[in-house]
Amino acid sequence: MNETPTPQQVPLPGFIRRSNHQYRWSLWITVSVLLLQAMVFAGTAAFLLATIDWEPASVFEEPPVAVLVQMQQALALLPFVALVLVCIIVCLVRPRAGWHLGLLTESLILLVALQLYVYDRDHVLSERSLLFVYMLGAILIIIFMNSPEGRLLLDPPPHAHETDAHPHG
Amino acid sequence: MDERQQCDLLQRYEPIIRFTHGEEFFPMDAEAYIRACSLWIKRPGEPPQELAPTSQVTPETLAAFVADSNSGVHYLKFTEPLSAAEMAVQALRQRREGEHAAADFQIVKGRLVRVGYLSRVVDGLFRVALLVRGRVPGDAAAAASLGYHTLLAQGHRHVYHGRVLEESGWTVLQYWFFYLYNNWRSRFSGANDHEADWEMISIYLAPDSNGELRPEWVAYASHDYAGDDLRRHWRDPEVEKVGDHPVIYAGAGSHAAYFRAGEYLTNIELNALAPITRVTRQVQRAWKRLMREPEAPAEDAEPVLAIPFVDYARGDGLVIGPGGDEPWAPPVRIDETVAWVRGYRGLWGLYTQDPFAGEDAPAGPMFNRDGTVRRAWYDPVGWAGLDKVSPAAAALHLVRRQRQQLVDHRTLLRAQVAQKTAELRGLDVQATAIRPQPHLRALYAQIRREILQRSGAISDLQAEITATDALLESLDRHEAHLLAGGSPPLRVHIDRAHTPAALDTVQSRQVAELWAAISVTVLLVAFVLLFAFNPRFLPVWLVAILALFTFIEASVRGTFTRVVGSFATALAIAAALVLLYEFFWWVVGGMILALAFYILWDNLRELTRSRRG
């Protein structure tokens, strides 16, 4: 019987260490894109609130429709900001649960966006151009999270001893 | 082989049947049943008519009655409606026995857990349909049980009907088991009930090197399985044996035969729904490819619109056969010369006119319900997929003969190659000679075409020679394996093995079972409420409710990750289509620009490298 080990069986030299970089990269990319999405939502809401022209509202007894629409558009974004922030925290603490919650959140964003696209013809709840930006963002995040790199979060995180020890030794 | 020898052979390999605790009906003499029946006919558009009362029907006269009236469906009728008193007696008896049986027999409730919503809906409709389609009356099982006990009290014993025949080098022993009643539905939550039940197993013997008959294969008839999947090698570990007697685990109520003890999930697909099933499967396959999920083998594919039933073949009840609780009576030999076997094509019990035929009684051992001869009867070897298999003792001879044929064929091919090569070279000489002459250009072109054609033909022959060489090498190895006394592969012929169901794949089984039981009703009620209140965004609410139910279902079945990924991807595709619709030319322009810049970047990188080099 041939006792010569195959190349895969030869122990790696001591200075070569297995890396968990890929897992960490996946985690940080996921967290980063979710954070970016939360910032876009929050920034848009802040911009909308900041650019409301309060003067007519103070002049008239009832605030004009334009002011109400702009407030609605801003306030509608806040629950999504909170939800995405929760996703980020869960991703950091429990990546697997975070992956599921992240996809569910993106699904919810798309579901609401599609609903608004179909029904909100008067643009009461959303500005059409912003809506397309939200949809594009959610699509890109879903593509990444469903990719082999994104799905790494479904695996258990590599332990410290696996990263430093000789894996084949 | 004379009758005595046939009976000896049948008894030598007669099977042992292990029944499930709670089974009520056991194999009995079909002739005793015939004598206890009346004969009826149902002509189209007419009410059933009695052809002969119980006292006149005998195994000898049965065929004669049928010969006199050919139109319509003939059927035997064993049970008569019970009077109130008889029902009460039977109920008391069953309760007395049931108290004892219930302690050991527990129905597994997991059948609906294993299938999706659509199958559960179809299952519900199937059960509702029993109210309107033809079925065996509710008191038939009780009446059959009473009648069966009366026959037992008259001294009837457990009997099988044996048939011995020779076909294609095999000696086939067929064991036919007749049961008075199939109470799979009424007692074991199965698919159907019907009067009379014929089941069969076959053992295939062939002469060994000493000329003595030895069993090599065994096949058990079981629901919708056919061909290679039915049979096992005699030495297959799955075939349990006590001495020379194979062991059968009989399904409770259905009496289907299994090789191993267990609870078998049988999915019955309705033919009317087959096109929907096919389309759904194709969509599922395409979606799995999109999601880069591994495709499950056909046998593991989840049923789409099938109704699930569990066949309990636990083997913890009565054991009939050598060494069992009760022995077999001497076999009743049957063949085409027996009058009731050949002459009676009708049904052996109540004809319920069920459009699915599941509640109609079966025909005899020789016939299908429509009167045609069963394949298991006229071609028992082909029925088990054994027509292509040679007996073990003849295998070596067959291998050598096949090898010699291949060697001869290869010699012929080589001669053809040599001849065609010589012809090809002659053509090439001609082409070389006429090439520089302009007035022979047309002839030159013709010769070139012929050269190409013949060269291709020689290449095909060489490929065939190479394939033949590889085949010969394999045959040589197989011959050496046989000469060394090696056994043939035992299970490679099995494509879809029926294996006992395991419930450990279902998470939180009790919760899953409860959910499976109530989910369809809850979903339908939710839909009704939704339409009643008719909210502003109805389609979105419909999607939301469906998604909620799908996620709950996925959680209890352990497929949450897959469903979440699929749901998100589906929404992403829908949103992407919206964006494509709104920004089509922008998208096209963007893609062209991206392509242009990529080409530029790639070219510049190549240019930079070549300069450095």
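The values are calculated or read from the model by the stated rules, or taken from the named source; none is laboratory data. Not measured: the values here are computed from a predicted model. Here the Cβ is made from the backbone with ideal geometry for all residues, glycine too, and neighbour counts use every protein chain on show.
Summary table
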quantity: Within segment B:316-335, tally of residues that are on the phi < 0 side of the Ramachandran plot, in a loop (DSSP other than H, G, I, E, B) and out of contact with any Phe, Trp or Tyr (no Cβ under 9 Å at 6 or more places or on another chain); calculated: 5
quantity: Set A:G102, A:G98: member being within 10 Å of chain B (Cβ to nearest Cβ), touching a residue at least 12 places away in the same chain (Cβ under 8 Å) and closer than 19 Å to A:I29 by Cα; calculated: A:G102
quantity: Candidate set from segment A:89-143 (those that are out of contact with any Cys (no Cβ under 8 Å at 6 or more places or on another chain) and of a type in the set (S, T, N, Q)); member that is surrounded by the fewest Cβ atoms within 10 Å (Cβ to Cβ); calculated: A:S129
quantity: Complete set of residues in segment B:226-250 that are in contact (Cβ under 8 Å) with a residue 60 or more places away in the chain, under 14 Å from B:I16 (Cα atoms) and outside any strand (DSSP E or B); calculated: B:G243, B:D244
quantity: Residue that is farthest from the other protein chains (Cβ to nearest Cβ) [pool: residues in segment A:74-86 that are in contact with a Leu (Cβ under 7 Å, 6 or more places away or on another chain) and at pLDDT below 95]; calculated: A:A74
quantity: Complete set of residues in segment A:129-144 that are within 14 Å of A:L77 (Cα to Cα) and more than 8 Å from every other protein chain (Cβ to nearest Cβ); calculated: A:L130, A:L131, A:V133, A:Y134
quantity: Counted residues, segment B:558-609 - those being closer than 29 Å to A:L152 by Cβ and of a type in the set (S, T, N, Q); calculated: 4
quantity: Subset of segment B:580-602 that is under 30 Å from B:E293 (Cβ atoms) and within 53 Å of the chain's Cα centre (by Cα) - its residue that is farthest from the other protein chains (Cβ to nearest Cβ); calculated: B:M591
quantity: Filter result (closer than 19 Å to B:Q402 by Cβ, assigned to a loop (DSSP other than H, G, I, E, B) and not aliphatic (A, V, I, L, M)) within segment B:471-497; calculated: B:G486, B:P488, B:P489, B:H493
quantity: Search result, residues across segment B:537-579 that are assigned to a loop (DSSP other than H, G, I, E, B), out of contact with any Asp or Glu (no Cβ under 9 Å at 6 or more places or on another chain) and more than 8 Å from chain A (Cβ to nearest Cβ); calculated: B:G558
quantity: Exclusive hit being farther than 23 Å from B:F78 by Cβ, in contact with a Phe, Trp or Tyr (Cβ under 9 Å, 6 or more places away or on another chain) and in the same structural domain as B:D360 (by TED's automatic domain parsing), set B:E166, B:E216; calculated: B:E216
quantity: Hey, B:S519 surrounded by 14 or more Cβ atoms within 10 Å (Cβ to Cβ) and within 14 Å of chain A (Cβ to nearest Cβ) or not; calculated: no
quantity: Qualifying residues in segment B:357-387 (those that are touching an Asp or Glu at 6+ places or on another chain (Cβ under 7 Å) and not in a helix (DSSP H, G or I)) - the one surrounded by the fewest Cβ atoms within 10 Å (Cβ to Cβ); calculated: B:R369
quantity: Residue check for B:T337: buried (at least 21 other Cβ atoms within 10 Å of the Cβ), assigned by TED's automatic domain parsing to the domain that holds B:G211 and of a type in the set (S, T, N, Q); calculated: no
quantity: Hits in segment A:145-160 (condition: more than 9 Å from every other protein chain (Cβ to nearest Cβ) and either in contact with a strand residue (DSSP E or B) (Cβ under 6 Å, 6 or more places away or on another chain) or surrounded by 14 or more Cβ atoms within 10 Å (Cβ to Cβ) (or both)); calculated: A:E149, A:G150, A:L152, A:L153, A:P157, A:P158
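Table: residues versus (1) over 30 Å from B:V341 (Cβ atoms); (2) at pLDDT 75 or above; (3) among the β-branched types (V, I, T); (4) within 30 Å of the chain's Cα centre (by Cα).
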| site | (1), (2), (3), (4) |
| --- | --- |
| B:H100 | yes, no, no, no |
| B:K109 | yes, no, no, yes |
| B:A140 | no, yes, no, yes |
| B:A144 | no, yes, no, yes |
| B:L151 | no, yes, no, no |
| B:H161 | no, yes, no, yes |
